[in-house]
1. Less than 11 Å Cβ to Cβ from Ser147, Lys/Arg counted +1 and Asp/Glu -1: what total charge do the surrounding residues give?
2. Under 24 Å from the Cα of Lys219, which lysines turn up, not counting those fewer than eight places away in the same chain?
3. For the stretch 63-124, which GluC sites (Glu not before Pro) are in a loop by DSSP, counting at most 13 other Cβ atoms within 10 Å?
4. Using DSSP to define loop residues, name the chymotrypsin sites (Phe, Trp or Tyr not before Pro) in the stretch 35-107 whose beta-carbon has at most 12 other beta-carbon atoms within 10 Å.
5. How large is Rg/Rh for the stretch 70-114, to two decimals, with Cα atoms and a Kirkwood Rh?
6. Would you calculate the separation in nanometres between label points at Thr77 and Ser184, each defined as 7 Å from the Cα along the Cα-to-beta-carbon direction?
7. Would you list, by chain and number, the aspartates and glutamates whose Cα falls below 19 Å from the Cα of Lys70, excluding same-chain residues fewer than 8 positions away?
8. Need the list of lysines near Lys43 for cross-linking: C-alpha distance under 22 angstrom, and skip anything on the same chain fewer than eight residues off.
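The values are calculated or read from the model by the stated rules, or taken from the named source; none is laboratory data. Keep in mind that what you see is a predicted model, and the values were worked out from it rather than measured. Note: ideal-geometry Cβ built from the backbone for every residue, glycine included; neighbour counts use all protein chains shown. Just the protein is used for accessible areas: all its heavy atoms, side chains included, with ligands, DNA and RNA removed. Shrake-Rupley method; radii C 1.70, N 1.55, O 1.52, S 1.80 Å.
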Amino acid sequence: MAYQINLSLILVLTIVSVCLPWPSLSVDPTPLQDFCIPDLESKSPIINGFPCKKPADASSKDFFFEGLTKRGNEFDTLNVNLTQVDVFAFPALNTLGMSMNRVEFLPGGLNPPHTHPRATELSLVVEGKLLAGWVSTEYILYWKVVSAGELFVIPPGMVHFQLNVGEGRAQFYASFNSQNPGISKMAPTLFDSIPLIPDDVLSTAFNLNDSVIQLIKSKVAHLGR
């Protein structure tokens, strides 16, 4: 079955994930202790990570995460299910400089143009076929149709996307060299911010009438963030 991921692929992903946090690659500060299970309820200021609990208060269960044991069953309006494994979902990642996502696609599903402002993305396709692409600061599109077992990399901060071009479902796992890579989707950033960017700014930037900008804003608002 496609969902039964080959052991060799798991090994590749594990190696990738282990390699990312080293000081030469991680964009987060190097930890000064073995681990830092965060106190998410702390009122202390948050500076590049959450305050740590006392090591004596940590337990084995803090270092394990079961959120990827089942397939996603809720898909957004673009037919994508995102399971984030960042410091908010798996607190033990606090100060360790790494995280990951699982992204699942129904047929025709699109992970729309977006950026991760704080991390490089290295992803392993484990099911289906995806058209993956990113645009450089020179406005050059780099793209390829990637299949199960293939990897793709997105430099930090670059606008990128993935489209399911296969006949069935598709899925990939993304590793990041930050505990909180962040995500900024282009459509809601431009057309559904709070407060909204003024119409005349967008109409001038895109050389469109205000009525077209207002139509786009109404469509994007229904997509959600």
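1. Numbers: positive: Lys129, Lys144; negative: Glu127, Glu150.
Once all neighbours under 11 Å are counted, the net charge is 0.
2. Straight-distance partners of Lys219: Lys185.
3. Details: sites: Glu66, Glu74, Glu104, Glu121; in loops: Glu66, Glu74.
Loop-located and lightly packed - Glu66, Glu74.
4. Details: sites: Phe35, Phe63, Phe64, Phe65, Phe75, Phe88, Phe105; in loops: Phe35, Phe64, Phe65, Phe75, Phe88.
Hits after loop and neighbour filter: Phe64.
5. Working: Rg = 12.5 Å, Rh = 11.8 Å.
Radius of gyration relative to Kirkwood radius: 1.06.
6. 2.2
7. In chain and number order, the partners are Asp86, Glu104, Glu127.
8. Within reach: Lys53, Lys54.
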